[in-house]
1. Say whether the condition of being touching a strand residue (DSSP E or B) at 6+ places or on another chain (Cβ under 8 Å), exposed (fewer than 13 other Cβ atoms within 10 Å of the Cβ), among the hydroxyl-bearing types (Ser, Thr, Tyr) and in contact (Cβ under 8 Å) with a residue 60 or more places away in the chain is met by at least one residue in the stretch 11-24.
2. Pick from the stretch 162-196 the residues that are within 19 Å of LEU117 (Cβ to Cβ) and not in a strand (DSSP E or B): which of them is nearest to the chain's Cα centre (by Cα)?
3. Condition first: charged (D, E, K, R) and either touching a residue at least 24 places away in the same chain (Cβ under 8 Å) or within 13 Å of TYR107 (Cβ to Cβ) (or both). Now tell me which residues in the stretch 51-75 satisfy that.
4. Would you check which residues across the stretch 44-59 are more than 13 Å from GLY138 (Cβ to Cβ) and among the β-branched types (Val, Ile, Thr) and list them?
5. Which fully enclosed helices (runs of 4 or more DSSP H) of the stretch 54-161 have 3 or more residues being closer than 16 Å to ALA181 by Cβ?
6. ARG81 - would you say it is surrounded by fewer than 18 Cβ atoms within 10 Å (Cβ to Cβ), touching a Phe, Trp or Tyr at 6+ places or on another chain (Cβ under 9 Å) and either modelled with pLDDT of 95 or more or outside the structural domain of VAL171 (by TED's automatic domain parsing) (or both)?
7. Going residue by residue through the stretch 93-108, is there one that turns out to be under 12 Å from the mean Cα position of the chain (by Cα), modelled with pLDDT of 95 or more and among the aromatic types (Phe, Trp, Tyr)?
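The values are calculated or read from the model by the stated rules, or taken from the named source; none is laboratory data. As the structure is a computational prediction, the values presented were derived from the model and not from experiment. For neighbour counting, all protein chains shown are included, and Cβ atoms are generated from backbone atoms with ideal geometry for every residue, glycine included.
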Amino acid sequence: MLITGIKSKPVYAPLQPDLRGRYHLMVGHGVGGEPLLRVLGDLQTAAPSSGAHTQILYVTDAAAADSITGQIRAAKVANVRLFERGDELLAAFQAVLAGSLMGTRLYVAGPESFMGLVMRIALQFNLNKDEIRAEECGTLARRVYCIHCCSATENVRTNITQCGCGRWLVVRDHYSRRLAAYMGVMVDAEAPGELPPVKEVFL
């Protein structure tokens, strides 16, 4: 049922500092704090004064070690803001981008579903691919968009999932950056009630 190799599926690379940037905005979730700390260290080694022009927005969660949160809290940068929920961070992120200046570089790290929502906002502010670095880490659970009722289901780990509208959806590899989600299509449209085995595939 899953169709692989679709070109819309995002490909991520390890974070690296962009020394051409004048301002650095780092956004992370949970275990995504580790890559942020790594790139922050590389950035400050290469450009010791960069901390004065760096901000960190970070969502803590149970998957991240307390030491990561502590290191982020103690980072020597212009501003560190910690959040308990992703929606709180996204609102703050949008406000930060609204006041950002030319030469800003964005670094994003965390689960793909979180990164997709961050990237969607970044695209609304016309950041281009040369201004954004992203590294996927943590759960592979997907955000799935139902093409029938136009709603999204968060943290889907199985190949088949039930939408809030009641339909059973096959989770496709087709990814929409505009919606920050993978497409979900009714799996039993031609044979109502006939479902393939449900398996955990996005762990």
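1. Looking for residues that are touching a strand residue (DSSP E or B) at 6+ places or on another chain (Cβ under 8 Å), exposed (fewer than 13 other Cβ atoms within 10 Å of the Cβ), among the hydroxyl-bearing types (Ser, Thr, Tyr) and in contact (Cβ under 8 Å) with a residue 60 or more places away in the chain, one finds none in the stretch 11-24, hence no.
2. Going through the qualifying residues, I end up with ALA180.
3. ASP61
4. The answer is THR45, THR54, ILE56.
5. Because the criterion is at least 3 residues that are closer than 16 Å to ALA181 by Cβ, the helices (runs of 4 or more DSSP H) in the stretch 54-161 that meet it are 86-98, 112-124.
6. In short, yes.
7. The answer is yes, given that some residue of the stretch 93-108 is under 12 Å from the mean Cα position of the chain (by Cα), modelled with pLDDT of 95 or more and among the aromatic types (Phe, Trp, Tyr).
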